[in-house]
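The values are calculated or read from the model by the stated rules, or taken from the named source; none is laboratory data. Computed from a predicted model, the values in this text were never measured in an experiment. Here Cβ is always computed from backbone atoms with ideal geometry, including for glycine, and neighbour counts include all displayed protein chains.
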Amino acid sequence: MFLGRIFCAAGLLLSLMSCSKDKTEYTFEPVKVEKFTIYPKPTGGTSQNNGYIGWVGDVMPYYEDGKFQIFFLHDATDLVKSSSAGQHPVHKFTSTNVLDFNYEGEMIPYGDANTQDQLPGTGSVVKVGDTYYFYYTGHNSSASWLQNNNPGWATANDREAVMYATSKDLSNWTKRKDFSLRAPSGYTGNDFRDPYVFYNDEFGEYWMLVSTKTATNGAVGKGVILVYTTKDPSSNTWVLKPAPLSVEGTYEMLECADIFKAGDKYYMLFAEDWSSTPGTHYRVANSTAGPWMKPADGNDMFDGHQFYAARSAADASHRYAFGWAHRRQGETDNGARTWAGNLITHEIYPLSNNKLGVRSPLSVTEYFSNEKEASAISESGTVSRSGSNYMLNGTNGMALYKFEGIEGTAKVLGTFAINNLTGTAAIGFNTTDNNTGSYTIKFDAGTGRIVAYNNGVEVTRVPFNLEVNKAYTFSLIIDGSVSVLYVNDEVALTNRIYSLQGKPWSFTADGVTLNVNNLKVRYH
């Protein structure tokens, strides 16, 4: 749950507005109106103060009877948040095909400054008998709560605790006020969140994963994942296992953990935002008890930082990772990255060597049925073309092909190959008349990465080892300001690029020869 970095700002906004709104009339920047077809965000009429228009935060998917119930933390507009008692209640999409989404509005409301869940946080759904249990994080960082100025409480309150609500139909939820799971001794109550509850067939019991940090003599340590178990969630009795899960690597927090089985291996997803490689990571194990290890090649990500807090759910034949793409303040490329954005869905599946691969869901692939060749509008350097095949020889200087802009929702696809590992090939966006672009995705073979840059500053990256003269398939899905690149059905790179719509885009080669073949553009 990507909460640590936004609570101070969110709380500050609330407190400032409550103190000064009677004295000053504030105006808020209008939300940019964008049409999204593949990667949705909440919509509800045209009013910015109705509590529905907003963005998708951490996603909590659940699948049953042919339908994905896609719960998420709803981030409202600043206009709404300035006068609200809390923030990001749980809302929901439903979908049968992870292409067409129905927005169903609020499921679990936030509380207020006198309740643990002033800000509801990430959780999960499990069904026991005929009842659904939605375990979620309750967060309250207000001074009155932490100092326990609330009547009826005899001891200090934790900033975070695990709570739950119940339902018979996945739409009407009742909070259970007689349950609150708090950090045990040796762990911090300031960061105790993201419950993931599932029935563990391997051990014949329910497991609850909780993300927290060690705390000894007031000193907070590393992030860990605790495991609680029970035979019956309705008993409200959860027993803490003696030690956290053994997860390779050291992180400040391991957020939004998720465990599933694929083939004969177990996989864990978790998110972190404080290392040199932030984003959604994964681990592999022979047992849910661990140890949870990186793949043998050490590459433990299938997308970059712009695809955050992914959790998964599966139908009868496919498993999908549901995350969200960061947006930027002011909805411009140069705005500061901020929490919540659009729902992004990848299909994930096991590759060889215990790795996870990622690809576009089949429903999304089939959506783009009208094909045409890309339209090259200019070129520079040593280049040649034969039909839909392009050669860019950047050995002695930059080589470029520039193409007409893409409008709306589209997919660019083809294959590419490079002839050495010392240079870079790139896809450029917002390519100007002097053949420079503010936003580029570079295939950096020398460092084994695909990296996106905004005005020369790295935004996001994903590890990927390129081989010389090997042909790789790629597809680039563009939907409004969201761009998702898939390479060889192995990795993806999600980006938020406000400047791409209608602007020329390009392929470039610098210090390398790039061959792009069967280049096509598809629309619906």
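Below is a table of values for the structure above.
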read-out	value
Single match in F93, F101 (criterion: more than 22 Å from P195 (Cα to Cα), modelled with pLDDT of 95 or more and buried (at least 20 other Cβ atoms within 10 Å of the Cβ))	F101
Sole exception among (1) crowded, with 22+ Cβ neighbours inside 10 Å; (2) within 21 Å of E379 (Cα to Cα); (3) of a type in the set (V, I, T) for T513, by number	(1)
Residue in the range 240-260 that is free of Cβ contacts under 8 Å to residues at least 12 places away in the same chain, in a strand (DSSP E or B) and not polar (S, T, N, Q) present	no
Any hit, the range 228-251, residues being under 30 Å from R337 (Cβ atoms), at pLDDT below 95 and of a type in the set (S, T, Y)	no
Residue in the range 70-85 that is touching a helix residue (DSSP H, G or I) at 6+ places or on another chain (Cβ under 6 Å), surrounded by 23 or more Cβ atoms within 10 Å (Cβ to Cβ) and not charged (D, E, K, R) present	no
I406 over 19 Å from F302 (Cα atoms), buried (at least 21 other Cβ atoms within 10 Å of the Cβ) and either modelled with pLDDT of 95 or more or not assigned by TED's automatic domain parsing to the domain that holds G263 (or both)	yes
Selection from the range 94-137 of residues that are charged (D, E, K, R), in contact with a helix residue (DSSP H, G or I) (Cβ under 9 Å, 6 or more places away or on another chain) and part of a strand (DSSP E or B)	none
Meets criteria (touching a Ser or Thr at 6+ places or on another chain (Cβ under 9 Å) and farther than 15 Å from L392 by Cβ) for N495	yes
Every pair of residues 6+ apart whose Cβ atoms lie under 6 Å, when the first sits in the range 329-355 and is touching a residue at least 40 places away in the same chain (Cβ under 8 Å) and outside the structural domain of F429 (by TED's automatic domain parsing) while the second is small (G, A, S) and part of a loop (DSSP other than H, G, I, E, B)	D333/S499; P350/G263; N353/A296
The listed residue being at pLDDT 95 or above, out of contact with any Phe, Trp or Tyr (no Cβ under 7 Å at 6 or more places or on another chain), in a strand (DSSP E or B) and under 22 Å from I344 (Cα atoms), out of I427, I450, I441	I441
Complete set of residues in the range 304-322 that are assigned to a loop (DSSP other than H, G, I, E, B) and either within 11 Å of T345 (Cα to Cα) or touching a residue at least 24 places away in the same chain (Cβ under 8 Å) (or both)	G304, H305, Q306, D315, H318
Residue among I377, I348 that alone is among the aliphatic types (A, V, I, L, M), surrounded by fewer than 17 Cβ atoms within 10 Å (Cβ to Cβ) and either in a strand (DSSP E or B) or on the phi < 0 side of the Ramachandran plot (or both)	I377
Positions within the range 465-524 being at pLDDT 95 or above and at positive phi, in sequence order	N469, G480, N488, D489, G511, N518
Count - residues of the range 49-88 that are of a type in the set (A, V, I, L, M, F, W, C) and farther than 20 Å from Y133 by Cβ	7
Selection from the range 351-374 of residues that are within 17 Å of P61 (Cβ to Cβ) and assigned to a strand (DSSP E or B)	L356, V358
Conditions (1) at pLDDT 95 or above; (2) within 16 Å of the chain's Cα centre (by Cα); number of the one not met by R337	(1)
Residue, farthest from S235 (Cα to Cα), within the range 118-147, restricted to residues that are of a type outside the set (S, T, Y) and surrounded by fewer than 17 Cβ atoms within 10 Å (Cβ to Cβ)	A143
